[in-house]
Amino acid sequence: MATGRRKANRAKKEETNWQERVIQIRRVSKVVKGGKKLSFRAIVVVGNERGQVGVGVGKASDVIGAVKKGVADGKKHLIDIPITKSNSIPHPIDGIGGGAKVIMRPAAPGTGVIAGGAVRTVLELAGVRNVLAKQLGSNNPLNNARAAVNALSTLRTFAEVAEDRGIAIENLYII
């Protein structure tokens with residue numbers, strides 16, 4: 001009985017370290033037989049600032065319901081990203097989401113998050129502290145957030161690359 005209670009408490013603690021930020025709330029309408037049906041769409045980023053982040057979209061007839069659905073959707077689409085000791089990304093990377101393209105480059109300690117809009121929110125909640133990023137193409141927040149998540153999901157560490165090639169990490173740097 002006591003172990004079940006401990007597991008429940010541990011699950012509650014794990015739930016509390018997630019942060020969510022609403023990127024956009026938009027009122028949308030659907031034309032139906034009786035007129036227009038209004039609802040809200042919320043784009044939410046969920047992250048634990050330790051290498052896990054997800055983007056979710058929720059639609060409901062009220063804002064609070066849309067945000068709750070967005071948080072649940074974001075937790076379903078979590079990705080793990082590798083973060084270096086300097087709280088940056090391991091290598092330069094590009095990501096695409098719809099018509100949006102995002103370019104990310106690692107930065108030296110003390111640089112901060114140099115990014116705009118939805119990409120900045122995604123990087124901050126992922127736990128990246130030093131990075132340079134640029135949005136190209138669309139300025140749609142949902143597509144830019146998805147492009148950022150796409151870029152972060154394709155990051156690999158030097159150890160993973162060395163293992164894939166079947167060589168030691170020391171030999172990875174030899175040209």
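Restricting to Cα pairs below 8 Å that are 6+ residues apart, what does the relative contact order work out to for the chain? Please round to a whole percent.
That works out to 18 percent.
Work out Dmax and Rg for the chain from the C-alpha atoms and quote the Rg first, both in angstrom.
19.2, 70
Determine the per residue accessible area of the range 30-100 with all protein chains present and a 1.4 angstrom probe, expressed in square angstrom.
Counting only protein heavy atoms, the per-residue value for the range 30-100 is 54 Å².
For the chain, take the longest principal axis of its alpha carbons; what is the angle in degrees between that and the long axis of helix 117-126, to the nearest 10 within 0 to 90?
Result, in degrees: 60.
Among 25-36, 130-141, how do they line up from the highest to the lowest mean number of other beta-carbon atoms within 10 Å?
130-141, 25-36
So, counting K/R as plus one and D/E as minus one, what does the shell of residues with Cβ under 13 Å around I169 add up to?
-2
Could you tell me how many degrees, from 0 to 90 and to the nearest 10, lie between the Cα long axis of helix 2-16 and the main elongation axis, the longest principal axis, of the Cα atoms of the chain?
So the inclination is approximately 90 degrees.
Dipole size in debye (nearest 20) for the chain around its Cα centre, Lys and Arg Cβ +1, Asp and Glu Cβ -1?
The calculated dipole for the chain is roughly 1160 debye.
Pairs to check: K36/K68; K33/K68; K33/K59; K59/K85; K59/K134; K75/K101. Give those whose C-alpha atoms are more than 27 Å from each other in this structure.
K33/K68; K59/K85; K59/K134
Taking the dipole about the Cα centre of the range 30-175, with the C-beta of Lys and Arg at +1 and of Asp and Glu at -1, give me whichever of V53, M104, I169 is farthest to the positive side.
Checking the options against the dipole of the range 30-175, the answer is V53.
Of the heavy-atom accessible surface of the chain (probe 1.4 angstrom), what whole percent is carbon and sulfur?
Of all accessible area on the chain, carbon and sulfur atoms account for 52 percent.
The values are calculated or read from the model by the stated rules, or taken from the named source; none is laboratory data. Quick caveat, the model's predicted, so the values are computed rather than measured. Because the Cβ atoms are built from the backbone with ideal geometry, glycine has one as well, and the counts that use them run over all protein chains shown. Just the protein is used for accessible areas: all its heavy atoms, side chains included, with ligands, DNA and RNA removed. Shrake-Rupley method; radii C 1.70, N 1.55, O 1.52, S 1.80 Å.
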